[in-house]
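Asker: Questions regarding the structure given below will be posed in turn.
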Amino acid sequence: MLYQLYELQHAAMTPIRYAAESLRHYYQSPWNPISYTQLGRTLGAGAEVMERATRRFGKPEFGLYETIIDGKPVQVTEKAVLEKPFCTLTRFYRHTRRKDPKVLLVAPMSGHYATLLRGTVEALLPHHDVYVTEWEDARLVPQTAGRFNLDDYIAYVMDFIRHLGPDVHLIAVCQPAVPVFCAVSLMASMNDPKQPASMTLMGGPIDSRISKTAVTELAEERPLSWFRNTVIAEVPFYYPGAFRKVYPGFIQLGGFMSMNLDRHVGKHMEFYNHLVIGDGESAEAHRQFYNEYMAVMDITEEFYLQTVETVFQRHLLPKNQMKWRDPKTEKLHDIRPADIKKTALLTIEGELDDISAHGQTTAAHTLAKSLAPTKQFHHFQENVGHYGIFNGRRWRDQIMPRIRSFIRKSDGNKDIDPVP
């Protein structure tokens, strides 16, 4: 009933939302003289805050149609290069003859869409041939597509790597650090000829026992049955994924918001004040961020519960006890990070990260004990939280150049043009 109650609440707020939207258009219309008065701006600001508070935000677009290469604008086109039921591999094709290292950016499946990494992609485009995993909203995937759990996720990552070839460089942001590390470990154990050239793990829970956070403590304190009975819901019948059991995106969003509730309330009050005083630039920056932040997707029950149990409760990966069940053959394979010898490793952590705290990601170096020291690197960024390690000024000015240098040094393709 959880999902149905959420839908009912949204439907009940529809009249209020429409009324607020009408008032917003009226008091913010440039053709209305009242919109230029203090009273008009105040009423318009209140109406917009109310409309946005009751709105359901849909999947955003990347909207990256151009990049700058060698000081010149270059057109960018999104192309789906490989489509699977639960994910589409998208390439940001740059209309240029320049050859750059191939990067597979593995987006998190943690409630938000891959577009949360818009700033990450934008910074990569001038110097890299970028591919991104766009995970599907589980409520839109018919039950005929079958299940999707952590084992399937790992299988998808390996399929994408093999599709792109051994010269690909992986970047995993947050949650996918674990499945990406597992995929590379399995390919190393199989002596797969298409093992990736490098992997960059950013703020991921490789060993969540280190540096406890609110996220890790919640997962450890509650039994798996609590998660199954409390946060799992059934998709309503009028969606393509009708009756599929999911971890709803609105619950994940509520969890994210509650972790920093004072901050979010403060941001919305600032937004209101920006509208009242006519600071359009600051107001638009707020809209862009929260349009993305508030857009959420559902996750399959089996993926969510298996991740909670494997990563946050039993800690199987850092204990070297994790296994992968091949979705095609149902055969179990040991995940042995110690077998990694070819794929260079870079870990990145933020000083203020309250999702994957300091030490959780660097644990990958201890596990990849057979990897030569000359292929292992770490970057610790001061004064940034979780979001700041892949978006914002410090990402562009300090973290991204570090990743670019690491990828260039790890790339075996001699035809790649050097960074100017």
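The values are calculated or read from the model by the stated rules, or taken from the named source; none is laboratory data. This structure is a prediction, so every number in the text was calculated from the model and none was measured. Cβ placement follows ideal geometry from the backbone for every residue including glycine, while neighbour counts extend to all protein chains displayed. Side chains are part of the model used for accessible areas, which takes the heavy atoms of the whole protein and leaves out ligands, DNA and RNA. Shrake-Rupley method; radii C 1.70, N 1.55, O 1.52, S 1.80 Å.
Asker: Exactly one condition in (1) open to solvent by 60 Å² or more (accessible area, probe 1.4 Å); (2) outside any helix (DSSP H, G or I) is not met by P318; state its number.
Answerer: It fails just one condition, (1).
Asker: Just name the residue that is least open to solvent (accessible area, probe 1.4 Å) out of those in the range 44-88 that are farther than 30 Å from A11 by Cβ and over 28 Å from the mean Cα position of the chain (by Cα).
Answerer: In this case the residue turns out to be G71.
Asker: Can you find a residue that is open to solvent by 10 Å² or more (accessible area, probe 1.4 Å) and closer than 23 Å to D411 by Cα anywhere in the range 207-217?
Answerer: no
Asker: Considering the range 258-273 alone, what residues qualify as being open to solvent by less than 40 Å² (accessible area, probe 1.4 Å) and within 22 Å of the chain's Cα centre (by Cα)?
Answerer: Result: H264, single match.
Asker: Same structure, new question: Which pairs have Cβ atoms under 6 Å, sit 6 or more apart or on different chains, and link a residue in the range 20-43 that is open to solvent by 60 Å² or more (accessible area, probe 1.4 Å) to one that is of a type in the set (A, V, I, L, M, F, W, C) and part of a helix (DSSP H, G or I)?
Answerer: Pairs found: L23/A47; R41/V276.
Asker: How many residues does the range 160-194 hold that are assigned to a loop (DSSP other than H, G, I, E, B) and surrounded by 21 or more Cβ atoms within 10 Å (Cβ to Cβ)?
Answerer: So the count comes out to 3.
Asker: What are the residues in the range 142-158 that are hydroxyl-bearing (S, T, Y) and under 18 Å from L89 (Cα atoms), if any?
Answerer: Correct list: Y153, Y156.
Asker: Condition first: under 20 Å from L317 (Cα atoms) and polar (S, T, N, Q). Now tell me which residues in the range 348-393 satisfy that.
Answerer: The answer is S356, Q360, T361, T362, T366, S370, Q376.
Asker: Scanning the range 375-394 for residues that are in a helix (DSSP H, G or I) and at pLDDT below 95, which turns out surrounded by the fewest Cβ atoms within 10 Å (Cβ to Cβ)?
Answerer: If we take residues in the range 375-394 being in a helix (DSSP H, G or I) and at pLDDT below 95, then R393 is surrounded by the fewest Cβ atoms within 10 Å (Cβ to Cβ).
Asker: Still on this structure, please answer the following. Being touching an Asp or Glu at 6+ places or on another chain (Cβ under 6 Å), buried (at least 19 other Cβ atoms within 10 Å of the Cβ) and not basic (K, R) is true for just one of G203, G241. Which residue is that? Break it down stepwise before answering.
Answerer: Values: G241 fails: touching an Asp or Glu at 6+ places or on another chain (Cβ under 6 Å).
The match here is G203.
Asker: Looking only at the range 89-105, filter to residues that are touching a Phe, Trp or Tyr at 6+ places or on another chain (Cβ under 8 Å) and either of a type outside the set (S, T, N, Q) or surrounded by 23 or more Cβ atoms within 10 Å (Cβ to Cβ) (or both); which one of those is farthest from P176 (Cα to Cα)? Let's see the steps before the verdict.
Answerer: Of all residues in the range 89-105, those touching a Phe, Trp or Tyr at 6+ places or on another chain (Cβ under 8 Å) come to 89-92, 102-105.
Subsequent filtering for residues that are either of a type outside the set (S, T, N, Q) or surrounded by 23 or more Cβ atoms within 10 Å (Cβ to Cβ) (or both) retains 89, 91-92, 102-105.
Working: L89: 15, R91: 19, F92: 20, K102: 18, V103: 15, L104: 12, L105: 10 Å.
The selected residue is F92.
Asker: Residues that are open to solvent by 60 Å² or more (accessible area, probe 1.4 Å), more than 30 Å from I69 (Cα to Cα) and at pLDDT below 95: does the range 398-415 have at least one?
Answerer: no
Asker: Just one of L140, L116 is more than 20 Å from N291 (Cα to Cα) and either open to solvent by 30 Å² or more (accessible area, probe 1.4 Å) or within 21 Å of the chain's Cα centre (by Cα) (or both); which is it?
Answerer: Being more than 20 Å from N291 (Cα to Cα) and either open to solvent by 30 Å² or more (accessible area, probe 1.4 Å) or within 21 Å of the chain's Cα centre (by Cα) (or both) holds for just one of L140, L116, which is L140.
Asker: Among the residues that make up the range 278-296, is at least one of them assigned to a helix (DSSP H, G or I), buried (at least 17 other Cβ atoms within 10 Å of the Cβ) and over 23 Å from the mean Cα position of the chain (by Cα)?
Answerer: Looking for residues that are assigned to a helix (DSSP H, G or I), buried (at least 17 other Cβ atoms within 10 Å of the Cβ) and over 23 Å from the mean Cα position of the chain (by Cα), one finds at least one in the range 278-296, hence yes.
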